[in-house]
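One structure below.
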Amino acid sequence: MDATSECEPLFLGLDLSTQQLKGVLMNQHSSIVYEMGIVFDDELPEFNTSNGRYVNGDTVTAPVLMWVAAVDLFMSRLKATGLAPYIHGISGAAQQHGSVYWRQQGVEANKQLDPHVSLRQQLETANAFAVLESPIWEDSSTSEQCRNLEQSAGGASELARITGSTAFERFTGPQIAKIKETQPHVWSQVSQISLVSSFIASLLVGDIAPTDSSDASGTNLYDIQQGRWSLELCDSIDPHLVRLLGERVVMANETVGRLSSYYTERYGIPRCPVVAFTGDNPSAFAGFESMFAAAGHSAAVMSLGTSDTVLFPLEKYPYSLNASSVAMQHLDGHVLQHPTDRNLYIAMLCYKNGSLARDWVRQHSLEPSSTWADFSNAADIEPMAPKAFGFYYLSTEILPRAKGIYRFEQCADGSIVCPSGTRYQPVTAFSVSDHPGDSRWSDARAIIESQFMSMCVDYAHKEAGAMTGIAITGGASSNPTLQQAVSDIMGVPVFATAIQTTEGVDIKAPAMPAYGGAIRALDQQSMSLTANVSKDGSKYMLKHICSPNNRKHAVYVQALADFEFLRNCVSSGVCSSGACP
């Protein structure tokens with residue numbers, strides 16, 4: 001940072017993800033002036049993690065003290081930059097669903113930290129945590145506890161009505177139940193339970209920070225409509241669970257305390273306000289939402305990575321008692337409380353077969369040495385829908401619940417008859433295209449149509465309002481063919497995050513969960529700041545990438561009912577997989 005900006009107020013956004021602790025410093029103009037990350041495997045090798053966690057079959061955990069050590073290491077490097085004294089607010093995010101189990105002596109030690117001794121040493125000496133290896137979102141060892149929780153709620157649909165989701169193994173409630181059932185001696189020592197997000201906030205304020213409502217929505221324990229922990233569900237695990245979780249639940253833009261004097265005396269950071277931390281997905285959504293507001297569009301975000309995720313706002317809760325039968329018949333995905341608006345919600349759709357499935361198609365339907373440019377060329381053809389469809393589920397998919405490779409083509413005497421009257425026949429390979437410009441229908445085109453049409457179907461099931469634009473992010477989002485396919489199938493403009501440079505606008509994404517945290521910290525104080533402000537830094541915005549081809553979009557709209565029918569056939573087991581790897 002240069003001398004002209006050395007007095008400007010800065011806002012720190014943090015994100016404790018699975019593999020690293022990331023942070024961004026933002027100025028009053030929402031420009032990023034500094035970014036940093038602590039990669040756990042590389043910089044804290046004494047914990048012997050693999051990608052930030054321990055994997056033992058279905059059980060996946062992470063060492064709590066590694067997270068503690070990462071906070072100290074991050075702050076020490078922040079101090080070395082000379083920027084620490086200018087921080088006016090802090091907020092952030094963390095991986096969803098994970099949980100931390102405090103002993104009472106840990107709670108007390110966190111309140112009385114000695115600035116001359118490291119955070120890790122003090123909490124380790126105090127034997128602060130009843131569980132040293134916290135269950136995290138990748139854990140899938142709680143199937144029995146999931147079934148018990150659904151039974152306690154009165155069924156899967158009732159659990160979804162209360163909490164926004166049916167029971168999921170990675171969610172916090174089943175994880176808590178497992179620890180109580182399998183480690184009773186450990187459970188008897190638990191004084192407080194934090195989600196990973198509220199745990200980081202607790203370290204920063206030197207006291208137990210409340211959980212925010214959006215991250216609480218990923219526990220299977222939070223009554224979203226009532227805005228509080230469900231006493232019935234919590235009591236089904238333990239009669240004291242609400243107390244252990246903390247009765248107070250806040251919005252992610254509420255201040256939960258001031259920074260502990262430990263960080264002021266040790267690192268020179270002022271005792272600034274700390275705004276509630278939330279889950280990584282809600283925090284990223286809040287960051288994108290701030291950009292969408294400037295662009296004049298409603299927020300919808302698609303992340304194209306190893307798995308694909310779609311986030312979008314909901315004006316009404318889809319699973320209320322007077323909700324339509326459409327919403328209650330489709331309980332897949334998750335509904336979360338909006339992080340900063342009590343009257344809104346977020347739908348989150350997760351698809352396991354994302355980039356890895358696209359990569360499998362690239363290698364197996366083309367040549368083994370094929371490049372992504374070859375994939376794009378094969379996919380850049382006229383719509384295959386409704387003449388042909390493909391479904392590619394190498395791993396058991398979440399939406400829908402299915403596994404295998406399936407292909408269908410229209411056929412006058414086909415064995416599968418859609419409600420529209422159109423007949424389809426399962427095939428093991430696609431035939432020659434009937435479009436003059438295309439020599440062959442391709443799996444490359446079929447998979448991206450299948451993936452994005454699935455998102456359209458599931459979006460409609462949540463009864464969201466009309467989408468006016470979508471931001472795409474993730475490793476695959478830079479592919480122009482995928483960008484245009486998203487726009488044509490969804491029927492909306494596509495945007496990407498970008499920064500303004502002296503040579504133009506460059507497509508670049510910040511660490512969005514941390515960015516969302518910095519935005520919330522800034523918003524809490526922006527009206528009261530009068531310090532000199534520099535416009536230096538990376539100002540992120542949404543750049544328009546492409547718009548839909550209306551002719552192609554009309555084709556996809558007309559084909560969607562047949563697509564959904566065939567997808568239901570696949571998930572119900574009516575059809576056999578044609579080429580499962």
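The values are calculated or read from the model by the stated rules, or taken from the named source; none is laboratory data. Remember, it's a predicted structure, so these values are computed and weren't measured experimentally. For neighbour counting, all protein chains shown are included, and Cβ atoms are generated from backbone atoms with ideal geometry for every residue, glycine included. Accessible surface is based on the protein model in full, side chains and every heavy atom, while ligands, DNA and RNA are left aside. Shrake-Rupley method; radii C 1.70, N 1.55, O 1.52, S 1.80 Å.
Being more than 26 Å from the chain's Cα centre (by Cα), more than 19 Å from LEU203 (Cβ to Cβ) and open to solvent by 20 Å² or more (accessible area, probe 1.4 Å) is the filter here; which residues of region 49-83 pass it? Steps first, answer last, please.
Pass one, region 49-83, residues more than 26 Å from the chain's Cα centre (by Cα): 76-83.
Retained after the next criterion (residues that are more than 19 Å from LEU203 (Cβ to Cβ)): 80-83.
The answer is ALA80, THR81, GLY82.
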Some residue of region 422-439 being under 28 Å from the mean Cα position of the chain (by Cα), aromatic (Phe, Trp, Tyr) and not in a loop (DSSP other than H, G, I, E, B)
no
Matching residues in region 138-169 (open to solvent by less than 30 Å² (accessible area, probe 1.4 Å), in a loop (DSSP other than H, G, I, E, B) and not charged (D, E, K, R)) number 6
Quick check, is ILE447 more than 21 Å from ARG551 (Cα to Cα) and either part of a helix (DSSP H, G or I) or of a type in the set (A, V, I, L, M) (or both)?
no
All positions within region 211-236 that are out of contact with any strand residue (DSSP E or B) (no Cβ under 8 Å at 6 or more places or on another chain), open to solvent by 20 Å² or more (accessible area, probe 1.4 Å) and touching a residue at least 40 places away in the same chain (Cβ under 8 Å)
GLN225, GLU232, SER236
Considering only residues that are surrounded by fewer than 16 Cβ atoms within 10 Å (Cβ to Cβ) and within 18 Å of VAL557 (Cα to Cα), which ones fall in region 451-508?
ALA460, GLY465, ALA466, THR468
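So is GLY173 surrounded by fewer than 24 Cβ atoms within 10 Å (Cβ to Cβ) and either of a type outside the set (Val, Ile, Thr) or part of a loop (DSSP other than H, G, I, E, B) (or both) or not? Give the steps one after another, and end with the answer.
Details: surrounded by fewer than 24 Cβ atoms within 10 Å (Cβ to Cβ): no; either of a type outside the set (Val, Ile, Thr) or part of a loop (DSSP other than H, G, I, E, B) (or both): yes.
No.
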Residue list for region 36-56, restricted to those being under 25 Å from VAL24 (Cβ atoms) and in contact (Cβ under 8 Å) with a residue 24 or more places away in the chain:
MET36, GLY37, ILE38, PHE40, GLU43, LEU44, ASN51, GLY52, ARG53
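A quick yes/no check of all residues on (1) farther than 17 Å from ALA357 by Cβ; (2) in contact (Cβ under 8 Å) with a residue 24 or more places away in the chain; (3) outside any strand (DSSP E or B):
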residue	(1), (2), (3)
GLU382	yes, yes, yes
TYR392	no, yes, no
SER395	no, yes, yes
ILE398	no, yes, yes
ARG401	no, yes, yes
Matching entry among GLU409, GLU397 (being among the charged types (D, E, K, R) and either under 25 Å from HIS553 (Cα atoms) or modelled with pLDDT of 95 or more (or both))
GLU409
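Could you please find all residues in region 489-504 being in a helix (DSSP H, G or I) and touching a strand residue (DSSP E or B) at 6+ places or on another chain (Cβ under 9 Å)? I'd like the intermediate steps shown before the answer.
The initial filter retains those residues of region 489-504 that are in a helix (DSSP H, G or I), namely 489-490.
Selection gives MET490 alone.
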Residues of region 91-118 classified as in a loop (DSSP other than H, G, I, E, B) and either of a type in the set (D, E, K, R) or more than 16 Å from ALA69 (Cβ to Cβ) (or both), total
9
Exception for VAL361 within (1) of a type in the set (A, V, I, L, M); (2) under 13 Å from the mean Cα position of the chain (by Cα); (3) closer than 17 Å to ALA485 by Cβ falls at (2)
Select, from SER194, SER198, SER202, the only residue that is touching a strand residue (DSSP E or B) at 6+ places or on another chain (Cβ under 9 Å), closer than 15 Å to PRO339 by Cβ and among the polar types (S, T, N, Q).
SER198
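Against the definition (in a strand (DSSP E or B) and either closer than 30 Å to THR497 by Cβ or not small (Gly, Ala, Ser) (or both)), how does ARG407 come out, yes or no?
Here the answer is yes, as ARG407 does meet what is asked.
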Residues of region 314-363 satisfying the condition of being within 27 Å of ALA476 (Cα to Cα), among the polar types (S, T, N, Q) and open to solvent by 20 Å² or more (accessible area, probe 1.4 Å)
SER355, GLN363
For THR18, the lone unmet condition from (1) buried (at least 17 other Cβ atoms within 10 Å of the Cβ); (2) among the hydroxyl-bearing types (Ser, Thr, Tyr); (3) part of a strand (DSSP E or B) is (3)
Looking only at residues in region 25-48 that are open to solvent by less than 10 Å² (accessible area, probe 1.4 Å) and within 24 Å of the chain's Cα centre (by Cα), which one is nearest to VAL100 (Cα to Cα)?
PHE40
Checked pairs for region 506-517, first among the aromatic types (Phe, Trp, Tyr), second modelled with pLDDT of 95 or more, C-beta under 7 Å and 6 or more apart or across chains, list as TYR515/GLY13; TYR515/VAL24
Do we find a residue being closer than 22 Å to PHE277 by Cα, out of contact with any Gly (no Cβ under 6 Å at 6 or more places or on another chain) and part of a strand (DSSP E or B) anywhere in region 70-77?
no
Given the criteria in contact (Cβ under 8 Å) with a residue 24 or more places away in the chain, under 21 Å from ASP488 (Cα atoms) and in contact with a strand residue (DSSP E or B) (Cβ under 8 Å, 6 or more places away or on another chain), does LEU311 qualify?
yes
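Working only within region 119-137, note down all residues that are open to solvent by 60 Å² or more (accessible area, probe 1.4 Å) and either among the hydroxyl-bearing types (Ser, Thr, Tyr) or assigned to a loop (DSSP other than H, G, I, E, B) (or both).
The initial filter retains those residues of region 119-137 that are open to solvent by 60 Å² or more (accessible area, probe 1.4 Å), namely 120-121, 124-125, 127, 132-133, 137.
Within region 119-137, THR125, ASN127, LEU132, TRP137 qualify.
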Which one of the conditions (1) over 17 Å from GLY516 (Cβ atoms); (2) open to solvent by 10 Å² or more (accessible area, probe 1.4 Å); (3) not hydroxyl-bearing (Ser, Thr, Tyr) does ASN253 fail to meet, given that it meets all the rest?
(1)
